[in-house]
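Asker: My questions will all concern the structure given below.
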Amino acid sequence: MSNYHIKHLEEYFQVYRKSVRNPEEFWEEVAEEHFVWRKKWDSVLDWDFSKPEIKWFDGAQLNITENCIDRHLHIRGNKTAILFEPNDPKEPAEHITYRQLHERVCKFANVLKDNGVEKGDRVVIYLPMIPELAISVLACARVGAIHSVVFAGFSSTALATRINDCDAKMVLTSDGSYRGAKTIDLKGIVDEALAQCPGVKSVLVAKRTGAKIHMEKGRDQWLQPLLDKAYSDYPAEIMDAEDPLFILYTSGSTGRPKGMMHTTAGYMVYTAFTFKNVFQYREEDVYWCTADVGWITGHSYIVYGPLANGATTVMFEGVPSYPDFGRFWEVVQKHKVTQFYTAPTAIRALAKENLEFVDKYDLSSLKVLGTVGEPINEEAWHWYNDHVGEKKCPIVDTWWQTETGGILISPIPFSTPTKPTYATLPMPGVQPALMDENGKEIKGNQVDGRLCIKFPWPSIARTIWGDHQRYKDTYFSAFEGKYFTGDGALRDEVGYYRITGRVDDVIIVSGHNLGTAPIEDAINEHPAVAESAIVGFPHDIKGNALYGYVILKETGESRDRDNLKKEINQMITEHIGPIAKLDKIQFVPGLPKTRSGKIMRRILRKIASKDTSNLGDISTLLNPEVVEKIIEEAL
Ligand code: ATP
Ligand code: MG
């Protein structure tokens with residue numbers, strides 16, 4: 001990939017043009033360099049979005065773990081691969097070298113095999129952010145089993161649904177987990193889930209908290225004794241390029257979870273390529289992504305992308321608020337982190353706190369900052385830029401999805417000039433299109449529409465596990481011959497993209513299309529406002545009117561509510577226009593959020609339209625209690 005380590009804007013445009021003019025040649029060159037193939041491909045790309053069917057590097061054979069581990073051994077054997085930072089800052093960090101990682105993955109692979117796991121079997125991983133999580137993911141890939149990681153904050157119902165959906169025969173878990181000051185009984189949640197999962201024959205339990213737990217005879221085994229006995233080498237299973245690598249369920253902010261299936265070769269090539277470019281990765285760097293491996297961000301940019309580049313990747317077990325709100329920055333200082341990648345929700349939460357929590361740490365090691373998961377509002381962007389990056393670190397606002405496997409739109413640091421709230425330009429090989437409601441592509445700049453992608457990139461999901469029709473209906477039916485993202489976007493005068501939110505978050509008020517993100521941005525500029533969410537509700541004259549849920553900062557709590565409402569609408573009028581003024585404003589203690597920090601707008605929409613009889617599946621909610629409060633005080 002040395003050919004494709006983009007270093008300035010002109011080079012980006014050159015590479016981009018080539019990638020669009022001749023995608024197959026482009027990706028073939030990327031794939032040729034630096035990866036280990038057991039056999040090269042017969043064809044680079046076969047695709048048909050109408051079926052949909054997409055194959056990259058068909059005929060090639062490989063194992064992704066040979067690329068993430070084995071091939072580094074002779075040059076980076078003693079380099080730290082995984083740097084584990086425990087929940088408790090007093091517990092020492094653990095440096096796992098590439099050589100040690102190789103041994104631990106091989107041993108784990110032998111344990112899986114000895115316990116009946118075969119190529120193609122599904123293994124559900126329900127582990128906290130401890131090294132065993134990354135190691136078990138890699139061990140599955142080593143034996144050719146399909147891993148499905150379920151975020152270890154999900155309820156037993158959510159876990160059971162996912163286990164049954166992919167028909168897993170084994171579950172990997174731990175006795176418990178630490179999250180800040182709390183200890184969570186993970187094994188208890190697994191036991192509850194498994195009462196509804198007859199297909200699971202075997203459960204392997206890692207020891208983390210030492211809590212007393214129930215071990216089901218004939219089903220449950222402690223992991224460590226098995227690892228201790230296991231042989232320390234395991235010849236990697238040879239996989240076809242299009243063999244499934246993993247299934248990952250989307251975070252579920254819009255309904256029934258979808259098991260996105262990703263395959264091997266294209267996913268590897270694309271995540272490695274984007275990791276290198278989006279984070280401008282260099283050999284000596286210490287890279288930290290604060291996501292959980294339970295999300296796609298963790299799969300692609302904690303485990304596979306960094307390790308495929310021979311990087312040092314930090315795995316953080318804790319939370320940003322423990323032991324205090326300075327924890328992130330303490331860890332950055334301690335490990336001299338060079339790239340820091342997090343979510344806007346975390347930035348907003350930290351920006352609410354005293355600046356001392358940031359200022360007292362030396363953050364001079366940082367070079368690049370990143371965000372992912374939702375649109376970042378201007379205020380949070382500036383806080384991040386001013387106080388964390390000290391105005392010298394480019395911020396990569398990376399737009400992508402579980403379905404896309406890797407980052408599709410993002411600045412390339414030191415090449416693409418950044419612009420707050422803009423994800424800016426597509427990655428090489430990515431061809432975005434904005435579409436109008438009638439299915440016509442909107443050309444030119446200073447336009448907005450529904451965001452589609454016209455051409456396959458290597459890490460696009462190949463199907464929804466067990467439901468190809470749903471895959472087709474959801475992503476390939478709205479706009480013929482195109483992948484529909486479900487998001488809206490605008491393209492500014494220079495061609496930069498700004499994601500305006502999900503298309504179903506666009507509200508039509510008196511015939512005007514209003515995106516929720518810019519309105520929320522305007523509200524959040526008010527000094528007393530911490531966070532807000534806008535939804536539409538039916539209105540006799542306007543069709544829809546706007547309902548705003550607003551969380552106040554501590555400093556705003558004592559203010560007169562009627563005056564605040566007036567000021568908020570004044571802010572909106574100034575920033576967007578009177579058309580976007582809110583009909584109703586409800587001050588709330590919190591907003592219903594998914595475990596990945598996204599607002600569950602469908603619940604807020606129901607409350608605003610006074611239809612709270614059936615709120616649907618809220619099993620993935622982080623804070624269900626807040627829903628009750630909002631309903632009680634609804635206007
Ligand atoms: P579900 O599809 O089940 O409703 P989800 O869409 O929240 O869940 P993810 O795949 O984790 O699941 O999130 C992808 C979505 O997150 C994108 O479609 C987009 O709406 C939003 N998103 C991600 N990154 C950005 C970003 N940088 N800017 C704006 N929005 C983003
Ligand atoms: Mg989605």
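Asker: Which pairs do you get when a residue that is farther than 17 Å from R561 by Cα and away from ligand 1 (no atom under 16 Å from the Cβ), found in region 516-531, comes within reach of a residue that is assigned to a loop (DSSP other than H, G, I, E, B) and open to solvent by 20 Å² or more (accessible area, probe 1.4 Å), reach meaning Cβ atoms under 7 angstrom, with the pair 6+ apart or on two chains?
Answerer: Close Cβ pairs (under 7 Å, with a partner that is assigned to a loop (DSSP other than H, G, I, E, B) and open to solvent by 20 Å² or more (accessible area, probe 1.4 Å)) amount to A522/I576.
Asker: Just checking, which of D397, D359 is surrounded by fewer than 19 Cβ atoms within 10 Å (Cβ to Cβ) and either within 11 Å of ligand 1 (Cβ to nearest atom) or at pLDDT 95 or above (or both)?
Answerer: Details: D397 fails: surrounded by fewer than 19 Cβ atoms within 10 Å (Cβ to Cβ).
Exactly one of D397, D359 is surrounded by fewer than 19 Cβ atoms within 10 Å (Cβ to Cβ) and either within 11 Å of ligand 1 (Cβ to nearest atom) or at pLDDT 95 or above (or both), namely D359.
Asker: With (1) within 9 Å of ligand 1 (Cβ to nearest atom); (2) at pLDDT 95 or above; (3) not charged (D, E, K, R) as the list, and I412 as the residue in question, which single condition is left unmet?
Answerer: (1)
Asker: Checking the condition closer than 16 Å to P244 by Cβ, hydrophobic (A, V, I, L, M, F, W, C) and in contact with a strand residue (DSSP E or B) (Cβ under 7 Å, 6 or more places away or on another chain), which residue from V143, V117 passes? Write out each step before concluding.
Answerer: Numbers: V143 fails: in contact with a strand residue (DSSP E or B) (Cβ under 7 Å, 6 or more places away or on another chain).
That would be V117, the only listed residue that is closer than 16 Å to P244 by Cβ, hydrophobic (A, V, I, L, M, F, W, C) and in contact with a strand residue (DSSP E or B) (Cβ under 7 Å, 6 or more places away or on another chain).
Asker: Specify the residue that is farthest from S232 (Cα to Cα); the eligible residues are those in region 90-104 that are out of contact with any Ser or Thr (no Cβ under 8 Å at 6 or more places or on another chain) and surrounded by fewer than 16 Cβ atoms within 10 Å (Cβ to Cβ).
Answerer: Per the stated criteria, the residue is K90.
Asker: Return yes when R327 is on the phi < 0 side of the Ramachandran plot, surrounded by fewer than 20 Cβ atoms within 10 Å (Cβ to Cβ) and away from ligand 2 (no atom under 16 Å from the Cβ) and no when it is not. Outline the logic, then answer.
Answerer: On the way: on the phi < 0 side of the Ramachandran plot: yes; surrounded by fewer than 20 Cβ atoms within 10 Å (Cβ to Cβ): no; away from ligand 2 (no atom under 16 Å from the Cβ): yes.
When the stated conditions are applied, R327 does not pass them.
Asker: Then there is this: Of the residues V30, V20, only one is of a type outside the set (D, E) and open to solvent by 40 Å² or more (accessible area, probe 1.4 Å); which?
Answerer: Numbers: V30 fails: open to solvent by 40 Å² or more (accessible area, probe 1.4 Å).
None of the others qualify; the one that does is V20.
Asker: A further question follows. Could you list, in sequence order, the residues of region 566-593 that are within 21 Å of S155 (Cα to Cα) and crowded, with 18+ Cβ neighbours inside 10 Å? Can you show your working first?
Answerer: Taking region 566-593 first, the residues within 21 Å of S155 (Cα to Cα) are 590-593.
Across region 566-593, the qualifying residues are L591, P592, K593.
Asker: Let me ask you something else. Can you say whether W56 is in contact with a Pro (Cβ under 6 Å, 6 or more places away or on another chain) and surrounded by fewer than 17 Cβ atoms within 10 Å (Cβ to Cβ), as far as the supplied structure shows? First the steps, then the outcome.
Answerer: On the way: in contact with a Pro (Cβ under 6 Å, 6 or more places away or on another chain): yes; surrounded by fewer than 17 Cβ atoms within 10 Å (Cβ to Cβ): no.
Considered against the rule, which asks whether it is in contact with a Pro (Cβ under 6 Å, 6 or more places away or on another chain) and surrounded by fewer than 17 Cβ atoms within 10 Å (Cβ to Cβ), W56 comes out as no.
Asker: Also, I was wondering about something else. Of the residues in region 448-503, how many are within 22 Å of the chain's Cα centre (by Cα), more than 13 Å from ligand 1 (Cβ to nearest atom) and at pLDDT below 95?
Answerer: Final tally of qualifying residues: 0.
Asker: Got a sec? Which helices (runs of 4 or more DSSP H) wholly within region 299-414 have at least 1 residues that are within 14 Å of the chain's Cα centre (by Cα) and under 22 Å from V286 (Cα atoms)? Break it down into steps so the answer makes sense when it comes.
Answerer: Values: elements: 305-308, 327-335, 344-351, 356-359, 378-383.
Per the criteria, 305-308, 344-351.
Asker: Right, another one. If the requirement is being closer than 30 Å to E53 by Cα, touching a helix residue (DSSP H, G or I) at 6+ places or on another chain (Cβ under 6 Å) and either buried (at least 23 other Cβ atoms within 10 Å of the Cβ) or among the aliphatic types (A, V, I, L, M) (or both), which of these qualifies: Y547, Y483?
Answerer: Numbers: Y547 fails: closer than 30 Å to E53 by Cα.
Only one candidate passes the filter, namely Y483.
Asker: Can you work out which of the residues in region 287-298 that are farther than 15 Å from V368 by Cα and in a loop (DSSP other than H, G, I, E, B) is farthest from ligand 1 (Cβ to nearest atom)? Before you say what the answer is, go through the steps one by one.
Answerer: Within region 287-298, the subset farther than 15 Å from V368 by Cα is 291-298.
Within this subset, residues satisfying the condition of being in a loop (DSSP other than H, G, I, E, B) are 291-295.
Working: A291: 10, D292: 11, V293: 13, G294: 11, W295: 6 Å.
That would be V293.
Asker: State which residue is farthest from L621 (Cα to Cα) when the search covers only region 572-598 and only residues that are part of a loop (DSSP other than H, G, I, E, B) and away from ligand 1 (no atom under 16 Å from the Cβ).
Answerer: To start, the set of residues in region 572-598 that are part of a loop (DSSP other than H, G, I, E, B) comprises 576-577, 581-583, 588-592, 595-598.
If we keep only those that are away from ligand 1 (no atom under 16 Å from the Cβ) too, we end up with 576-577, 581-583, 588-590.
On the way: I576: 31, G577: 34, K581: 29, L582: 26, D583: 27, V588: 17, P589: 16, G590: 12 Å.
Here the answer is G577.
Asker: Still on this structure, I have one more. With more than 16 Å from ligand 2 (Cβ to nearest atom), closer than 25 Å to W383 by Cα and open to solvent by less than 10 Å² (accessible area, probe 1.4 Å) as the only criterion, which of P456, P417, P428, P411 stands out? Before you say what the answer is, go through the steps one by one.
Answerer: Values: P456 fails: closer than 25 Å to W383 by Cα; P417 fails: open to solvent by less than 10 Å² (accessible area, probe 1.4 Å); P428 fails: closer than 25 Å to W383 by Cα.
Checking each option against the conditions leaves just P411.
Asker: Where in region 19-118 are there strands (runs of 3 or more DSSP E), lying fully within it, with 1 or more residues that are over 30 Å from V430 (Cβ atoms)?
Answerer: Values: elements: 43-48, 53-58, 80-85, 94-97.
Hits in region 19-118: 80-85, 94-97.
Asker: So in region 459-480, with the set limited to residues that are among the charged types (D, E, K, R) and open to solvent by 40 Å² or more (accessible area, probe 1.4 Å), which one is farthest from ligand 2 (Cβ to nearest atom)? Step through it out loud before you land on a result.
Answerer: Residues of region 459-480 that are among the charged types (D, E, K, R), as a first pass: 462, 467, 470, 472-473, 480.
Narrowing the set further to residues that are open to solvent by 40 Å² or more (accessible area, probe 1.4 Å) leaves 467, 470, 472-473, 480.
Details: D467: 16, R470: 13, K472: 16, D473: 14, E480: 21 Å.
This residue is E480.
Asker: Return the total of residues in region 119-133 being open to solvent by 10 Å² or more (accessible area, probe 1.4 Å) and part of a strand (DSSP E or B).
Answerer: Number satisfying all stated conditions: 1.
Asker: Within region 240-290, track down each residue that is closer than 26 Å to T474 by Cα, hydrophobic (A, V, I, L, M, F, W, C) and open to solvent by less than 10 Å² (accessible area, probe 1.4 Å). Don't jump to the end; show me each part of the working.
Answerer: Start the filter on region 240-290 by keeping residues that are closer than 26 Å to T474 by Cα, which leaves 241-271, 274.
Next, from what is left, pick out any that are hydrophobic (A, V, I, L, M, F, W, C): 241, 245-248, 260-261, 265, 268-269.
Matches in region 240-290: A241, L245, F246, I247, L248, M260, A265, M268, V269.
Asker: I would also like to ask the following. Looking only at region 613-634, decide whether some residue is of a type in the set (K, R) and assigned to a loop (DSSP other than H, G, I, E, B).
Answerer: Filtering region 613-634 down to residues of a type in the set (K, R) leaves 629.
Then keep just the ones that are assigned to a loop (DSSP other than H, G, I, E, B); that gives none.
No, region 613-634 has no match at all.
Asker: Let me ask something else about it. Going by the conditions given, is R559 open to solvent by 20 Å² or more (accessible area, probe 1.4 Å) and part of a loop (DSSP other than H, G, I, E, B)?
Answerer: Yes, satisfied.
Asker: Examine region 21-30 for a residue that is over 21 Å from W465 (Cβ atoms), touching a residue at least 24 places away in the same chain (Cβ under 8 Å) and under 25 Å from the mean Cα position of the chain (by Cα), and state whether such a residue exists.
Answerer: yes
Asker: Answer yes if at least one residue in region 201-213 is out of contact with any Gly (no Cβ under 6 Å at 6 or more places or on another chain), among the hydrophobic types (A, V, I, L, M, F, W, C), within 30 Å of C68 (Cβ to Cβ) and free of Cβ contacts under 8 Å to residues at least 40 places away in the same chain, and no otherwise.
Answerer: Among the residues of region 201-213, at least one is out of contact with any Gly (no Cβ under 6 Å at 6 or more places or on another chain), among the hydrophobic types (A, V, I, L, M, F, W, C), within 30 Å of C68 (Cβ to Cβ) and free of Cβ contacts under 8 Å to residues at least 40 places away in the same chain, which makes the answer yes.
Asker: The conditions are (1) within 16 Å of ligand 2 (Cβ to nearest atom); (2) surrounded by fewer than 21 Cβ atoms within 10 Å (Cβ to Cβ), and W383 fails exactly one of them. Which is it?
Answerer: (1)
Asker: Now a separate question. Six or more apart or on different chains, Cβ atoms under 6 Å: show the pairs whose first residue is in region 369-385 and among the acidic types (D, E) and whose second is surrounded by 23 or more Cβ atoms within 10 Å (Cβ to Cβ).
Answerer: E378/D521
The values are calculated or read from the model by the stated rules, or taken from the named source; none is laboratory data. Worth saying up front: this structure is predicted, and the values here are computed from it rather than measured. Methodologically, a virtual Cβ is constructed for each residue, glycine included, from the backbone with ideal geometry; neighbour enumeration extends over all protein chains shown. Just so you know, the surface numbers come from the protein's heavy atoms only, side chains and all, with ligands and any DNA or RNA stripped out. Shrake-Rupley method; radii C 1.70, N 1.55, O 1.52, S 1.80 Å.
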